[in-house]
Amino acid sequence: MNRLQKLQLPAPITRFAPTPSGFLHIGNVYSFLITWLLARKNNGQILLRIDDLDQERVRPEYVENIFRTLEWLGLDWDLGPFSVEQFEKEYSQLRRMEVYEAALQKLEEAGAVFGCDCSRKLVKKLIEEHNYEGICQHKDLDLHAHDISWRLKTDGMTEVKMKLYKTGLSVEALPYSQSHFVVRRRDGIPAYHMASVVDDVHFGVNTIVRGEDLFESSVAQLYLAEKLGLSAFSQAEFFHHPLILDRGVKLSKSQRSSAVLDEFSQDKPRLLRKLGGWLALPPEACGSLEEMLSHFSFERVERTISN
Ligand SMILES: [Zn+2]
């Protein structure tokens, strides 16, 4: 590629999007490292977006741990909050409720949602049985009544186009598991897909790096973006990286994986070697983030994936 072509490509704007419902574990850090390497390698920018809408699960020490862990590791970012105080004052998702509400209203006005009073357990069971057709769709429940969630009508359009990072366009069908997915919870809070799409557009994110466990979420979010007419999101590039298995078990906060800061605070070099190993980097290239950056290439991650 010559210099002119390179200049014409939009610089990536990507994000770290932790949820402060647990301490950051090594799986989170691995995902952020890939995000950081892709952004820094391409003169991109990184937004720190802390998803705190689910206030029941958020704890102040988890928010604080996000800043401390990223700073300790040296994974720097360019946009969003740089301190807990700034986060609470300016960047908490609670400060963007109006933006989410406007999007929800748009769906309501378009007749794209229906009210649902089914238990989550029932819908989950029916989806597992491949027998969920949006039971409440024809009940015409009052969307603004107490204890009613909003579900998206997902009949009709079944496919979305997904731009895969450096790979090209892929056509994806909405997975059955995402049939009539919730966009507004019964407690009135915008659901994860809704807040995530609206936020990415709000902050100009054009490159989304996340674990492959969120692939189906990506398809649902593209579907939602299309319903909302948010073409900026439809144009974003996605990279779903493989998940880390720790002794055969996927690492996640819900499985109470240990806090990376507790486990490695005395031995950062060991953490870097471990992360670098997962990225197929030679041990001698894992002394620092800068070394990793100079040896990193997207093709290398792709090779790791196919291994
Ligand atoms: Zn229902």
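The values are calculated or read from the model by the stated rules, or taken from the named source; none is laboratory data. Only a predicted model underlies this, so the values are computations on that prediction, with no experimental measurement involved. Neighbour counts are summed over all protein chains in view; Cβ atoms, including those assigned to glycine, are modelled from backbone coordinates with ideal geometry. Keep in mind that these areas ignore ligands, DNA and RNA; they rest on the heavy atoms of the full protein, side chains included. Shrake-Rupley method; radii C 1.70, N 1.55, O 1.52, S 1.80 Å.
Quick one: if the Förster radius is 45 Å, what FRET efficiency do GLU98 and SER258 give, using the C-beta to C-beta distance and rounding to 0.05? The value I calculate is 0.75. For the chain, carbon and sulfur atoms together expose 50% of the accessible surface, with a 1.4 angstrom probe and every protein chain in place. In the chain, helices alone account for a calculated mean residue ellipticity at 222 nm of -11500 deg cm²/dmol, with every DSSP H run of four or more residues adding -39,500 (n - 2.57). Database note for the chain: Cys without another Cys beta carbon under 4.7 angstrom, CYS118, CYS286.
The phi-based Karplus calculation (6.51 cos²θ - 1.76 cosθ + 1.60; θ = phi - 60°) puts the 3J(HN,Hα) values of the range 151-161 at 10, 7, 6, 10, 6, x, 4, 10, 10, 10, 9 Hz, whole numbers, x for Gly and Pro. Using the Stokes-Einstein relation with a Kirkwood hydrodynamic radius computed over Cα pairs, the translational diffusion coefficient of the chain at 25 °C and a viscosity of 0.890 mPa s comes to 118 µm²/s. Backbone geometry of the range 97-112 corresponds, through the Karplus equation with coefficients 6.51, -1.76 and 1.60 at θ = phi - 60°, to 3J(HN,Hα) couplings of 4, 4, 5, 5, 4, 4, 5, 5, 4, 4, 5, 4, 5, 7, x, 8 Hz, x marking Gly and Pro. Rounded to whole Å and ordered largest first, report the semi-axes of the equivalent ellipsoid of the range 49-90 derived from its Cα gyration tensor (root of 5λ). After scaling each eigenvalue by five and taking roots: 18, 12, 9 Å.
Among VAL29, VAL123, VAL171, the largest mean-square fluctuation in a Gaussian network model of the chain (Cα springs under 10 Å) belongs to VAL171. Averaging 1/r over every pair of different alpha carbons in the range 30-154 and inverting the result gives a Kirkwood radius of 18.0 Å. For LYS227, the aspartates and glutamates whose Cα comes closer than 14 Å to its Cα, not counting residues fewer than 8 places off in the same chain, are GLU108, GLU109, ASP155, GLU159. Let a ≥ b ≥ c be the square roots of the eigenvalues of the Cα gyration tensor of the range 165-230; is it rounded (a/c under 1.5), or, if not, prolate (a/b larger than b/c) or oblate? The shape class here is oblate. Taking every protein chain into account, the accessible area of the chain amounts to 51 square angstrom per residue (probe 1.4 Å).
Remark on the range 111-205: ratio of C-alpha radius of gyration to 2.2 N^0.38 Å is 1.20.
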